[in-house]
Amino acid sequence: MKLILGSSSKYRKELLEKAGYVFDVMSPNVDEKNIKTDDLYERPLVLAHRKADALIGKVEEASIIITSDVIVVCEGKLYEKPESEEGARQLLKRYSGGLVPEAVCAVVVVNTQTGERHDGVDKSKVFFKPFSDDFIEFLIREGDMLSRAGGFSIQLMKQYVERIEGNHNGIIGLPIQLLESLLKKAGYKYTEAYTEAMPP
């Protein structure tokens, strides 16, 4: 059965490739800014389901669709992608000063053959050590901070990560352990990833 990653994120694509899966990529067309929820922690799950809804009608053969969404919450507030370099700069200074971002990542898996859906949510916190203004400028110049929820990158900032409470991959945007559990429930065999990749 074909596996489809419903995401335009290069980071999710890299995580799924590193986990050994063979898959196609489709980008869901969802206006995320118009989706409102009363509970911040429900938002990524609602968005992940909307992304799945946007793709189901476009998939013709029996497939497993994976969609995901991640938000960052700090002190009960939603921290989205920074809208400007100055916004990213101020966020990074707050992380250096002790602000603890919590990544809330939702994953939805849909079996288009059976119509079954399975979902789950992964929560992780990052504790940073203080870092310099020069390092902040490096991140803004080289790290594509405006495309990252919460305006930070644990890949580029790993030397300043004091500890993580939760899942490293969930912070990046696709918790593999949770995903594998959902794929199993949806009827996808992990060995299919390797079987499809093997030459005839």
Is the stretch 127-135 home to any residue that is under 16 Å from the mean Cα position of the chain (by Cα) and in a strand (DSSP E or B)? no
Within the stretch 158-173, how many residues are modelled with pLDDT of 95 or more and outside any helix (DSSP H, G or I)? 5
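Pick out the one residue from SER96, SER84 that is in contact (Cβ under 8 Å) with a residue 12 or more places away in the chain, touching a helix residue (DSSP H, G or I) at 6+ places or on another chain (Cβ under 8 Å), more than 21 Å from ARG12 (Cα to Cα) and surrounded by fewer than 16 Cβ atoms within 10 Å (Cβ to Cβ).
SER84
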What are the pairs, 6+ residues apart or on separate chains, where a residue within the stretch 48-65 that is part of a helix (DSSP H, G or I) has its Cβ under 6 Å from a residue that is surrounded by fewer than 14 Cβ atoms within 10 Å (Cβ to Cβ)? ALA54/ASN29
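Which ones in the stretch 12-40 are modelled with pLDDT under 90 and assigned to a helix (DSSP H, G or I)?
Passing the criteria: GLU32, LYS33, ASN34, LEU40.
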Checked against (1) acidic (Asp, Glu); (2) modelled with pLDDT of 95 or more; (3) within 26 Å of SER8 (Cα to Cα), GLU142 satisfies every condition except (2)
Of the residues that sit in the stretch 1-37 and are under 19 Å from ALA54 (Cβ atoms), basic (Lys, Arg) and free of Cβ contacts under 8 Å to residues at least 60 places away in the same chain, which one is surrounded by the most Cβ atoms within 10 Å (Cβ to Cβ)? LYS13
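The values are calculated or read from the model by the stated rules, or taken from the named source; none is laboratory data. For clarity, every value in this text was computed on a predicted model and none was experimentally measured. Backbone-built Cβ (ideal geometry, glycine too); neighbour counts: all protein chains shown.
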